[in-house]
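Working notes, beginning with the structure itself.
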């Protein structure tokens, strides 16, 4: 018998069912990752994750540890942001990712996505309840940020990123 794409597709649900039973037994989250096949052999990646002593994930722990380094506030963990009309919940930081290190969950379907730090910071500043620049940003960005730059007018939500340029977002 040759291992094909269809064979792996058929096996995946059975493997996931077996892993869910093991996950409950050992208290470790187990999931099937990407798979590949080549003629007479095939394999899946097995992903094992666990939570810390206080129930936080590695991404949450890293967010609390590195938030200041990424120009974010530790209180943003778990907050909901709106980007392009979609709402996302901030889930943590993936420090090994250089371009898109912020882990978010799309609230519509629960899928995990990644975002840039700039995108998350901009979304937080657009929020009228937050709408202020954390004090450590001024040092990091040379003090050009305007703390009270969030305002609303005629269906357009705007805020000034720096005195030299403005970014406009349509509602």
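The values are calculated or read from the model by the stated rules, or taken from the named source; none is laboratory data. None of these values were measured; they are calculated from a predicted model. Every residue, glycine as well, gets a Cβ built from its backbone with ideal geometry; the counts of neighbours run over all protein chains shown.
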Taking region 95-120 as the region of interest, how many residues are in a strand (DSSP E or B) and free of Cβ contacts under 8 Å to residues at least 24 places away in the same chain? 5
How many residues does region 39-48 hold that are farther than 26 Å from residue 24 by Cβ and surrounded by 10 or more Cβ atoms within 10 Å (Cβ to Cβ)? 1
Would you mind stating whether residue 92 is within 19 Å of the chain's Cα centre (by Cα), surrounded by 12 or more Cβ atoms within 10 Å (Cβ to Cβ) and without any contact (Cβ under 8 Å) to a residue 60 or more places away in the chain? yes
Pick from region 49-83, criterion modelled with pLDDT under 85 and surrounded by fewer than 12 Cβ atoms within 10 Å (Cβ to Cβ), ranking: nearest to residue 10 (Cα to Cα): 50
Across region 18-38, which residue is farthest from residue 5 (Cα to Cα) among those that are exposed (fewer than 10 other Cβ atoms within 10 Å of the Cβ) and in contact with a strand residue (DSSP E or B) (Cβ under 7 Å, 6 or more places away or on another chain)? 33
